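Below is one structure; the comments refer to it alone.
Just so it is clear, none of the values below were taken in a lab; they were calculated from the coordinates. Treat the numbers as computed from the prediction; the structure is a model and nothing was measured.
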Amino acid sequence: MKDALDWEDIIAKLEAWRAGTEETPSVSLVAERYSKDAWAVLLSTILSLRTKDKVTLASSKALLDRAPTPDSFLELSSEEAESLAFPAGFYRVKVANLQKIARILIEKYEGKVPAGMDELLALPGVGRKTANLVLIEAFDMDGICVDTHVHRICNRAGWLKSKHPDETEAILRDILPRQFWKRLNGILVSYGQQVCRPVGPRCQNCVIAGHCRRVL
Ligand code: SF4
């Protein structure tokens, strides 16, 4: 990259592109539907791992309409919870983790989801991506949620060099102006699905090609 990254221009171009797609990530839709309730956001974020947006949304609604709190979640039998979570990927493992999480929340946090990175990371099945998304969507805190799309695009475009999403997040915390932290994931996920795809990126249609080392 010849010059310093112009994040303002990158984000503005991506947001203008996204405004034309009318796509909202499933976890954001769940946050909206359940008034940013932290249990709803956490449950939906866990269901979203390796699962398509439409399925995440349907499974989240099915579970949350029956079990809107950790207490009510534990009242469901495993079979019942699994059938509501189906066909989310790895739904049995996710339900088992959610049961463990619900117990911890009741025992340690009076049934509430804690608003801290360390406390969230200590919960079963919760990694940095999930914890960041919960802090952003439920608590309106600053965070950078790095999933496979954010990790791939940042490396492919030459904005940074890293081997793992957690490393990408650490570098972005240094180089990305704070006002863009929360917004990056929402726009790069859609962009990674439709334009800068894992295989066959559509570079001819790319609105940020001018900021991409791959085509400079
Ligand atoms: S130019 Fe191609 S590789 Fe670079 S960000 Fe755009 S789609 Fe991705």
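Do the sum for the chain: with -39,500 (n - 2.57) for every DSSP H run of n ≥ 4, divided by all residues, what is the mean residue ellipticity at 222 nm, to the nearest 500 deg cm²/dmol?
Details: 12 runs with 130 residues, N = 216.
Taken over the chain, the calculation gives -18000 deg cm²/dmol.
At q = 0.16, 0.22 Å⁻¹, what is the base-10 log of I(q)/I(0) for the stretch 26-139 according to the Debye formula with one equal point scatterer per Cα and no solvent? Please give it to two decimals.
One equal scatterer on each Cα of the stretch 26-139 leads to -0.61, -1.28.
Given the pairs Lys13/Lys112; Lys52/Lys182; Lys13/Lys94; Lys61/Lys112; Lys61/Lys161, which are separated by over 29 angstrom at their Cα positions? Please list the in-between numbers first.
Numbers: Lys13/Lys112 38 Å; Lys52/Lys182 21 Å; Lys13/Lys94 36 Å; Lys61/Lys112 19 Å; Lys61/Lys161 38 Å.
Lys13/Lys112; Lys13/Lys94; Lys61/Lys161, as the Cα separations exceed 29 Å there.
Need the full-extension length gain, Ala122 to Ser72, defined as separation in residues times 0.36 nm minus the C-alpha distance. One decimal, nm. Numbers along the way, then the final one.
Working: separation 50, 0.36 × 50 = 18.00 nm, distance 2.21 nm.
Here the answer is 15.8 nm.
Based on the alpha carbons, how large is the Rg to Rh ratio for the chain when Rh follows Kirkwood?
Details: Rg = 18.0 Å, Rh = 18.1 Å.
Expressed as Rg/Rh, it is 1.00.
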